[in-house]
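Okay, structure first, notes after.
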Ligand SMILES: [Zn+2]
């Protein structure tokens, strides 16, 4: 069988494994959150708070969709015309067009150009966040964060680009196989190292100070059978008023992180409710699931790009001879951008199901739906979330159930448990 035949077979196998993994690992049946309860919950929220949040969300929209459209157009323009290939050549020219210069500098130039062209929209977002009082770090802090994230992406991007184009040169017929394995490996590696190498670039993390709250949280984790070494507090207040918490990392790098803003804004019982949700993620191995499906998806993408990339009309459009050369990188970016947009609703749906399960875990672990509901109300209030967002936007991009859904889930739980 030819390498191409093996690639088709591998693609089929990866699609099958990804499908089975998503059927088995994603909690498709969600806990009840009746619409009647949602409507009732919405009716009980202060009218001006809901109006203010909706005004804020509409103010963000032009920037968000502008960035989406411009990002897509730039990717298509660079990838489906010879412009991108020319940009890669240009970046490699000071180094005599050496392939490493084209691969790394050319690749980074393409990404940077797209970033720069969508920069006005990022600035728009920052101006809205400032106007509504959510952002606290000012334009200089914003710029520093932006430069830091460019630097982090450049380092990770350079490693990935150099690795990828080394493989395409060493194994011109089988690069897709090594590339797929490498991409999957990189996803797993990043899951391990992001919390210890990248997150500290943006925030300082300190162990939660000793006291009744920490004791309560550690006791709850022990009761839940989730070994937690520590609860870390992130100094999120340096850039935002928003409150949040999350789990990240795998094995030795796993951590539960709460924003210092959450500790400041919420009652200890509400913080407990938030951490109970995060323990749900840890207990159900959601980071592992995300990493595994991400790794499979990355491998699948490499094989699909190899197969698509042998399609002559596409190569002609991009003005390249082979998808495996650095000059074809803009074409790869265009294909990945389109695929990302197509996959977004499915990713959002899976994320919402996983989040709903963590909510159910929090309710069962704390047995305190009233505090859970109060916490949801506070989250929406402080973060200026639309408690019941437009349906299309929800289906397209919502990573979490809406505030009214989460409140309704708490009410359904309370009825069920007789509390
Ligand atoms: Zn969550």
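Values quoted throughout were computed directly from the atomic coordinates according to the rules given, and no laboratory measurement underlies them. Values in this document were obtained by computation on a predicted structure and should not be read as measured data. Cβ atoms come from the backbone with ideal geometry, glycine included; neighbour counts cover every protein chain shown.
Numbers for the structure displayed
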| item | result |
| --- | --- |
| Convex hull volume per residue for the stretch 273-419, taking Cα atoms only, in Å³ | 136 Å³ |
| The chain: most fluctuating residue of 104, 258, 201 per GNM, C-alpha cutoff 10 Å | 201 |
| Percent of beta bridges antiparallel (DSSP, the chain, rounded to nearest 5) | 65 percent |
| P(r) tail fraction, the stretch 79-137 - alpha-carbon pairs more than 20 Å apart, % | 45 percent |
| Per-residue Cβ neighbour rank within 10 angstrom, fewest leading, 202, 372, 56, 164 | 202, 56, 164, 372 |
| Computed helical MRE - 222 nm, the chain, DSSP H runs ≥ 4 contributing -39500 (n - 2.57), nearest 500 | -24000 deg cm²/dmol |
| Gyration tensor (alpha-carbon) shape descriptor, the stretch 1-117, a/c threshold 1.5 | oblate |
| Simple label model, 7 Å out from Cα along Cβ direction - residue 131 to residue 68, nm | 2.0 nm |
| Point-to-point label distance, residue 156-residue 235, nm (Cα→Cβ direction, 7 Å offset) | 2.3 nm |
| Amide N proximity, the stretch 324-344 versus residue 93 label position 7 Å along Cα-to-Cβ, cut-off under 17 Å | 327 |
| Whether the stretch 102-210 is rounded, prolate or oblate, judged on the alpha carbon gyration tensor where a/c under 1.5 counts as rounded | oblate |
| For the stretch 368-413: rounded, prolate or oblate by the Cα gyration tensor [a/c cutoff 1.5] | oblate |
| The chain - percent relative contact order, Cα under 8 Å, separation 6 or more | 28 percent |
| Beta bridge orientation in the stretch 129-261: antiparallel %, DSSP, nearest 5 | 65 percent |
| Proportion of all alpha-carbon pairs of the stretch 37-91 beyond 20 Å (%) | 56 percent |
| Relative contact order [Cα under 8 Å, 6+ residues apart], the stretch 130-240, whole percent | 37 percent |
| Computed over the stretch 321-407, Cα set: Rg, Dmax in Å | 18.8, 63 |
| Computed over the chain, the ratio Rg/Rh where both radii use C-alpha atoms and Rh is Kirkwood | 0.99 |
